[in-house]
Amino acid sequence: MTYEHLILERVDGVAIVTLNRPAVLNALNLALLRDLDHAVAELRSDDRIRAVILTGAGEKAFVAGADIKELAELTPVAGKAYAAEGQRIFDQIEHLGKPVIAAVNGYALGGGCELAMACTMRIAADTAKFGQPEIKLGILPGFGGTQRLPRLVGKGRAMELILTGATIDAAEAYRIGLVNRVVPAAALMTEARALAATLAASAPVALKVTLEAINRGLDESLADGCVLEATLFGLVASTDDMREGTRAFVEKRKATFTGR
Ligand code: CO8
């Protein structure tokens, strides 16, 4: 598949998706969202891909938000549909069944911050900046920000960020738990690739069901989440990888997982 606004590379079981509209700081227009939707579907069905890295083209931005020129033209009906479509695509990323690492190389504002939050983990360059500035445009986050930000950083901090529209730097994003780690900008992709390689070498079925247990379980009560966990545990107990992983421990050797 060819893409207009993103670059998709595959290296050793890891896909690198680069959002590519650098002239407008990789702002998300409908065409880019459509590309992202197709890329996610392509990666979902590609069994060779075990982990994904999502990043932005250029040195300045991960994604500076939804394309404000497109937003400005929206009618109420189109606005609701646009938000729902973005939410659907970001859900596909969250529930890809493979880990997605956001390598945040610059501004992650509005829809960009929301996109990073839909990823499994976030590594930030020390030059990255985060925020939900929608309030300054007279709107609210529409791609899941009001829901994912409080889940990640707590209600009070999410309220403050969304209601003030403030931009925070990478160190502050790390301090409040919005990102997993901060690294020098020059080392960002090396760090992201190293983490992706570690994840790609894990038992794929265990990885997939762990993602499901955490992502789905968080929306359930503790009791229901634990039922889900136990059921998924029963599932992995049927895999060759479980036999291999436990046997390798006993035999003091490195496990080789096959995904069966
Ligand atoms: N949309 C469209 N164009 C953009 C965007 C954007 N979000 N961000 C930057 N650009 C463009 C600029 O217009 C400029 O283009 P041009 O060269 O043609 O003038 C180019 O990118 C470079 O930007 P700047 O010159 O502004 O660069 P600066 O370094 O001076 O500033 C900033 C960088 C601070 C990131 C600044 O560009 C900025 O504030 N951008 C907007 C950030 C923002 O408000 N983002 C939130 C958008 S709203 C949103 O994301 C809602 C998501 C949910 C939608 C739900 C569907 C309805």
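The values are calculated or read from the model by the stated rules, or taken from the named source; none is laboratory data. Remember, predicted model here, so these are calculated numbers, not experimental data. Here the Cβ is made from the backbone with ideal geometry for all residues, glycine too, and neighbour counts use every protein chain on show. Surface areas here come from the heavy atoms of the whole protein model, side chains and all, with no ligands, DNA or RNA. Shrake-Rupley method; radii C 1.70, N 1.55, O 1.52, S 1.80 Å.
What share of the DSSP beta bridges in region 1-89 is antiparallel, in percent to the nearest 5? Working shown, then result.
Working: 6 of 13 bridges.
The antiparallel fraction comes to roughly 45 percent.
Once Rh for region 35-171 is found with the Kirkwood sum over Cα pairs, what is the Stokes-Einstein diffusion coefficient at 4 °C and 1.567 mPa s, in µm²/s?
Value of D from the Cα-based Kirkwood radius: 85 µm²/s.
Once the piece of chain linking Ala237 and Asn180 is laid out straight, how much longer is it, given 0.36 nm per residue of separation minus the C-alpha distance between them?
Result for the pair: 17.5 nm of gain on full extension.
Test of understanding: what is the full-extension gain from Ala41 to Ala81, defined as 0.36 nm times their sequence separation minus their Cα-Cα distance? Before the final figure, lay out each step's value.
Details: separation 40, 0.36 × 40 = 14.40 nm, distance 2.03 nm.
Extra length from Ala41 to Ala81 when fully extended: 12.4 nm.
Quick one: in the chain, what % of C-alpha pairs are over 34 Å apart?
So the pairs more than 34 Å apart make up 18 percent of the total in the chain.
Could you state the accessible area per residue of region 131-260 in Å², with a 1.4 Å probe and every protein chain left in place?
That works out to 61 Å² for each residue.
Kyte-Doolittle cut-off -0.5, length cut-off 20 Å along the helix's own axis using Cα: show which whole DSSP H helices in the chain pass.
Details: long enough: 30-44 (21 Å, 0.39); 76-94 (27 Å, -0.34); 222-236 (21 Å, 1.60).
Result, helices passing both filters: 30-44, 76-94, 222-236.
Given region 1-71 reduced to its alpha-carbon atoms as identical point scatterers, what log10 I(q)/I(0) does the Debye formula return at q = 0.19 Å⁻¹?
Values returned for q = 0.19 Å⁻¹ are -0.72.
Quantify, in whole percent, the carbon and sulfur part of the accessible surface of region 134-250 (1.4 Å probe; protein heavy atoms only).
Of all accessible area on region 134-250, carbon and sulfur atoms account for 62 percent.
How much area per residue is accessible in region 1-78 when the probe is 1.4 Å and only protein heavy atoms are counted (Å²)?
It amounts to 51 Å² per residue over region 1-78.
Quick check on region 38-107: take the gyration tensor over C-alpha atoms, sort the square-rooted eigenvalues as a ≥ b ≥ c, and tell me if it's rounded (a/c under 1.5), prolate or oblate.
oblate
Given H placed 1.01 Å from N in the peptide plane, which residues other than close sequence neighbours of Ala61 have an amide H under 5 Å from its amide H?
Tyr107
What is the dipole size for the chain, taken about its Cα centre, with +1 at each Lys and Arg Cβ and -1 at each Asp and Glu Cβ, in debye to the nearest 20?
Its charge dipole is roughly 540 debye.
So how much slack lies between Gln147 and Ile214, counting 0.36 nm per residue of separation and subtracting their Cα-Cα distance, in nm?
Stretched fully, the Gln147-Ile214 segment lengthens by 22.5 nm.
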